[in-house]
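So the structure is just underneath, and the comments pick up after that.
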There are 2 protein chains.
Amino acid sequence: MERIKPRTLSGFMELLPEKQAQMERIMETLRSTYSLYGFAPLDTPIIEASEVLLAKGGGETEKQIYRFEKGDSDLSLRFDLTVPLAKYVAINCGQLSFPFRRYQLGKVFRGERAQRGRFREFYQADIDIIGDGELDVMNEAEIPAIIYRTFTTLGLTKFKIRVNNRKVLNGFFEILELSDRAADIMHTIDKLDKIGTEKCRALLIEGGVSENAADEIMSFIAINGTSAEKLKALEKYRNKNTTYSKIFDVGLKELGDVVRHLPEFGVPESHFEIDLTIARGLDYYTGTVYETTLTEHPEIGSVCSGGRYDNLAEYYTDKKLPGVGISIGLTRLFFVLEEQGMLSNEIITSPADVLIIPMTENKAKAIETATLFRENGIRTMLYSEQKKFKSKMNFADKIGVPFVVFIGDDEIADNFVTVKNMKNGHQFKKSEKMAMSYIKGVVTLRNNSDLILNFVKEK
Amino acid sequence: MERIKPRTLSGFMELLPEKQAQMERIMETLRSTYSLYGFAPLDTPIIEASEVLLAKGGGETEKQIYRFEKGDSDLSLRFDLTVPLAKYVAINCGQLSFPFRRYQLGKVFRGERAQRGRFREFYQADIDIIGDGELDVMNEAEIPAIIYRTFTTLGLTKFKIRVNNRKVLNGFFEILELSDRAADIMHTIDKLDKIGTEKCRALLIEGGVSENAADEIMSFIAINGTSAEKLKALEKYRNKNTTYSKIFDVGLKELGDVVRHLPEFGVPESHFEIDLTIARGLDYYTGTVYETTLTEHPEIGSVCSGGRYDNLAEYYTDKKLPGVGISIGLTRLFFVLEEQGMLSNEIITSPADVLIIPMTENKAKAIETATLFRENGIRTMLYSEQKKFKSKMNFADKIGVPFVVFIGDDEIADNFVTVKNMKNGHQFKKSEKMAMSYIKGVVTLRNNSDLILNFVKEK
């Protein structure tokens with residue numbers, strides 16, 4: 001038979017079992033954390049009508065989209081989870097209850113040029129809270145709590161949730177009479193971390209901002225100190241908006257509300273920062289914006305970002321649907337954590353907690369023990385192949401199973417099992433009941449340990 | 001702004017939150033059950049190179065595939081989870097440990113003509129055990145245990161696992177000297193349930209089978225009784241194979257092995273049946289084959305099918321990779337259960353267990369209580385909108401939340417919370433700690449109930 005060389009496309013992540021187990025752990029953690037905050041799981045199709053998916057149209061994204069025809073239909077693969085959410089809410093708004101909180105973990109597709117660490121198929125993990133007409137700022141205040149719990153549950157300690165408010169920025173630019181250039185200026189400010197203060201100021205002036213205004217901008221974004229100190233420093237811009245909207249003052253109040261409720265939401269000041277340089281590229285955001293950085297890996301950029309927006313579904317409905325949401329690029333995050341050696345091996349990544357090896361032709365007792373273990377929630381693999389003992393133990397080693405249970409003629413005659421702890425090599429005889437309770441204890445302990453390490457493990 | 005009418009493509013399932021919660025419950029049950037048997041989770045790309053995915057080529061499937069070009073690449077969406085598994089094992093066989101047990105829950109795509117209950121995008125839930133060169137029959141004996149636990153964990157009691165062995169069938173046809181027509185005959189037998197005995201016999205004769213042989217076939221598939229009785233009746237064909245392979249005898253031994261170990265694997269005879277009419281359309285299978293039917297809904301057909309095969313990846317490698325696997329068509333199963341009214345409402349489908357409603361301007365205590373509840377694993381939604389009390393309670397009703405907790409000035413002053421059980425309307429004051437323990441008890445009880453009902457619920 002002529003054979004085809006099997007391969008997986010480049011830019012598509014496909015993990016070996018141990019790595020997949022770690023990825024699953026992250027996904028389970030996200031699901032359960034989001035659930036704690038009252039978010040409902042949502043699942044939308046991978047394929048949508050192109051007309052619907054590209055309602056917003058244009059831009060960089062459109063070129064990257066996987067778009068094709070099938071029969072008479074013009075179809076596209078989703079490139080994010082926000083557009084499908086907008087579609088879903090627009091279709092179902094009569095049946096949903098608002099505020100509608102949903103999370104979605106799903107694959108999205110972008111045909112970017114493949115390069116190391118860039119994926120064409122990748123998981124996003126999104127949460128959004130959608131209001132019907134209005135949405136209280138308290139929802140924006142709750143988001144840092146969700147980010148904080150998500151990352152601490154995964155084991156991360158060294159991260160910072162950085163927050164800004166677009167109204168504060170927009171109000172500030174209005175005061176400077178630079179509103180029409182706000183987008184460009186924000187775009188320049190966004191590069192601050194990469195290019196530094198001097199270059200940033202020069203770019204602003206090059207872009208047509210007066211020297212005075214550029215200095216004002218640089219001093220604004222240099223505001224320093226604790227959250228309380230920053231809020232206080234921002235007071236000097238209060239009441240300076242000439243327009244009726246008083247947009248700066250509104251933003252400052254929102255930012256204050258977000259900061260004020262942090263302790264009640266369980267977020268320590270150590271993991272939070274007002275960062276006036278954050279603008280988030282999109283025009284989309286209108287209130288609080290969020291970024292999350294790993295403090296020892298700033299080069300990774302934000303691992304969890306989002307913000308408040310005013311119109312989720314304006315391309316589909318004239319209903320006003322404001323919302324706030326954040327997104328984690330899960331596949332990229334996993335790739336980075338793995339590459340940095342930050343994933344713990346303490347969590348059990350073996351497909352089973354116990355491998356039962358029958359040591360005699362009569363397998364009845366081995367099978368019954370496997371059945372009993374499974375009934376008691378122990379992940380149990382039964383080894384059934386006719387191999388030499390050494391091959392069986394090699395298999396146990398290779399899958400990294402924490403325990404092997406041997407069941408031979410002695411065990412059957414005297415009604416016990418022989419347990420081998422594969423980590424320390426200890427081997428002992430126990431009743432089935434005692435064996436189960438011992439195994440469960442060790443397994444629970446290991447699985448309760450953190451997945452993400454805050455130090456680089458020794459290789 | 002010109003608006004696009006939002007829509008979801010026909011043949012693509014998209015559920016409202018309560019239904020999605022039930023679907024998630026099924027998926028969680030499958031994941032945890034498969035894990036109990038030592039299967040590792042696997043995730044493969046949705047998109048594969050067409051050349052790789054269609055290595056086997058031809059047939060009905062090819063027409064249904066979503067295939068398209070992107071840049072220079074000829075791409076296809078996966079149409080099952082078996083071909084990606086074959087590819088994965090062929091690529092990674094040097095790094096995998098055999099027998100390799102994996103489960104995969106994932107979406108697959110087939111551009112079939114859309115009709116009610118038929119989906120173009122649907123979940124399959126597959127498990128497979130792959131051997132390197134050989135695979136003991138004990139693995140085939142274990143499969144009914146997995147099917148049994150999966151469905152009973154979901155709450156189903158009225159189902160039957162039907163098993164046959166392709167070697168028994170093939171051996172039988174060899175005895176009749178009808179091997180070259182075996183495929184056609186099996187195809188005819190496969191229709192027995194639909195067309196009945198008479199028509200089946202007539203079709204066999206029409207297809208060129210002698211009357212004698214047709215009678216022999218009809219008497220073979222009519223073998224009746226318990227598994228033990230059927231095995232005994234099959235003894236009369238033993239030693240009749242003229243060829244060296246003695247294929248019937250091998251199959252009969254395998255079938256006997258599978259039946260013999262059932263009690264040890266915890267499968268009651270009541271839920272198991274040898275069914276000599278099962279052939280499973282594909283040429284692919286070579287040993288035990290499985291089907292699972294809901295005894296009160298035979299019209300649904302098999303909800304979990306599979307079997308033993310000899311060559312998983314022959315299109316990619318000359319390595320012999322025998323295996324055994326089963327598959328559940330999850331989206332269709334969910335659709336049918338839902339349509340039959342078989343999904344329980346007792347399981348909590350609300351996105352939260354508790355809705356906290358602040359009854360005063362000072363929200364600090366309400367937020368702190370939400371944080372405390374979440375730290376204790378209670379899914380808690382905080383209601384933050386400025387609405388009338390009636391709207392808030394309407395919201396609670398609409399999302400079906402089991403408990404509402406009110407926190408107003410009295411609660412703050414005297415350090416208690418007011419809990420309302422939304423199911424029975426009872427309202428009472430408790431300390432936070434007592435409230436949590438009460439809520440957890442009720443929530444756990446409800447979530448431990450069965451998802452699938454064995455009776456049709458009253459509407």
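The values are calculated or read from the model by the stated rules, or taken from the named source; none is laboratory data. None of the values given here were measured: they were computed from a predicted structure. We place every Cβ from the backbone using ideal geometry, glycine too, and count neighbours over all the protein chains shown.
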TODO: Answer yes or no as to whether B:Ala313 is outside any loop (DSSP other than H, G, I, E, B), among the small types (Gly, Ala, Ser) and at the interface with chain A (Cβ under 9 Å from one of its Cβ atoms).
DONE: no
Open item on the list: Let me spell it out: the conditions are (1) in contact with a Pro (Cβ under 8 Å, 6 or more places away or on another chain); (2) more than 25 Å from B:Asp43 (Cα to Cα); (3) surrounded by fewer than 18 Cβ atoms within 10 Å (Cβ to Cβ), and A:Lys87 meets all of them except one. Which number is the exception?
Closed with: (3)
Task: Selected residue (criterion: nearest to A:Ala366 (Cα to Cα)) from residues of region B:227-249 that are touching a helix residue (DSSP H, G or I) at 6+ places or on another chain (Cβ under 7 Å) and hydroxyl-bearing (Ser, Thr, Tyr) - done: B:Ser227
Open item on the list: With the requirement that a residue be under 19 Å from the mean Cα position of the chain (by Cα) and within 21 Å of A:Pro351 (Cβ to Cβ), what does region A:1-20 give you?
Closed with: A:Met13, A:Glu14, A:Leu15, A:Lys19, A:Gln20
Task: Out of B:Thr277, B:Thr286, sole residue that is closer than 21 Å to B:Ile223 by Cα and more than 14 Å from every other protein chain (Cβ to nearest Cβ) - done: B:Thr277
- [ ] Take region A:415-444 and flag every residue that is assigned to a loop (DSSP other than H, G, I, E, B) and either out of contact with any strand residue (DSSP E or B) (no Cβ under 8 Å at 6 or more places or on another chain) or more than 22 Å from A:Ile348 (Cβ to Cβ) (or both).
- [x] A:Asn415, A:Phe416, A:Lys423, A:Asn424, A:Gly425, A:Ser431
Open item on the list: For region B:33-53, give me each residue that is within 7 Å of another protein chain (Cβ to nearest Cβ), hydroxyl-bearing (Ser, Thr, Tyr) and not in a loop (DSSP other than H, G, I, E, B).
Closed with: B:Ser35
Task: Segments classed as helices (runs of 4 or more DSSP H), wholly inside region A:336-414, with at least 2 members that are crowded, with 20+ Cβ neighbours inside 10 Å and either in contact with a Ser or Thr (Cβ under 8 Å, 6 or more places away or on another chain) or without any contact (Cβ under 8 Å) to a residue 40 or more places away in the chain (or both) - done: A:364-375, A:389-399
- [ ] For region A:61-77, state whether one or more residues are in contact with a strand residue (DSSP E or B) (Cβ under 9 Å, 6 or more places away or on another chain), facing chain B (nearest Cβ under 7 Å), of a type in the set (A, V, I, L, M, F, W, C) and within 14 Å of A:Ile127 (Cα to Cα).
- [x] no
Task: Which numbered condition B:Arg25 fails, given (1) in a helix (DSSP H, G or I); (2) of a type in the set (D, E, K, R); (3) crowded, with 18+ Cβ neighbours inside 10 Å; (4) within 7 Å of chain A (Cβ to nearest Cβ) - done: (4)
Task: Residue match in region A:221-240 (condition: at positive phi and of a type in the set (S, T, N, Q)) - done: yes
Open item on the list: Only one of B:Gly266, B:Gly251, B:Gly256 is touching a strand residue (DSSP E or B) at 6+ places or on another chain (Cβ under 6 Å) and either assigned by TED's automatic domain parsing to the domain that holds B:Thr153 or of a type in the set (Ser, Thr, Tyr) (or both). Can you tell me which?
Closed with: B:Gly251
Task: Subset of region B:417-459 [of a type in the set (Gly, Ala, Ser), at pLDDT 95 or above and surrounded by 11 or more Cβ atoms within 10 Å (Cβ to Cβ)] - done: B:Ser431, B:Ala435, B:Ser437
Task: Where a residue in region B:250-271 is under 19 Å from A:Lys365 (Cα atoms) and within 12 Å of chain A (Cβ to nearest Cβ) and its partner, wherever it lies, is among the β-branched types (Val, Ile, Thr) and assigned to a loop (DSSP other than H, G, I, E, B), with Cβ under 7 Å and at least six apart - done: B:Asp257/B:Val137
- [ ] Take the residues in region B:139-162 that are farther than 11 Å from B:Ile452 by Cα and either in a strand (DSSP E or B) or basic (Lys, Arg) (or both), then tell me which one is nearest to the other protein chains (Cβ to nearest Cβ).
- [x] B:Arg149
TODO: Given the conditions (1) within 11 Å of chain A (Cβ to nearest Cβ); (2) surrounded by fewer than 22 Cβ atoms within 10 Å (Cβ to Cβ); (3) part of a helix (DSSP H, G or I); (4) not aromatic (Phe, Trp, Tyr), report the number of the one that B:Gly106 does not fulfil.
DONE: (3)
TODO: Please determine, by comparing only the residues of region A:378-390 that are more than 7 Å from chain B (Cβ to nearest Cβ) and in contact with a helix residue (DSSP H, G or I) (Cβ under 7 Å, 6 or more places away or on another chain), which one is farthest from B:Thr29 (Cα to Cα).
DONE: A:Tyr383
Open item on the list: Any residue that is assigned to a helix (DSSP H, G or I), surrounded by fewer than 18 Cβ atoms within 10 Å (Cβ to Cβ) and either more than 33 Å from the chain's Cα centre (by Cα) or modelled with pLDDT of 95 or more (or both) - is there at least one of those in region B:220-227?
Closed with: no
Open item on the list: Tally up the residues in region A:391-438 that are under 25 Å from B:Ser97 (Cα atoms), away from every other protein chain (no Cβ under 14 Å) and of a type in the set (S, T, N, Q), please.
Closed with: 4
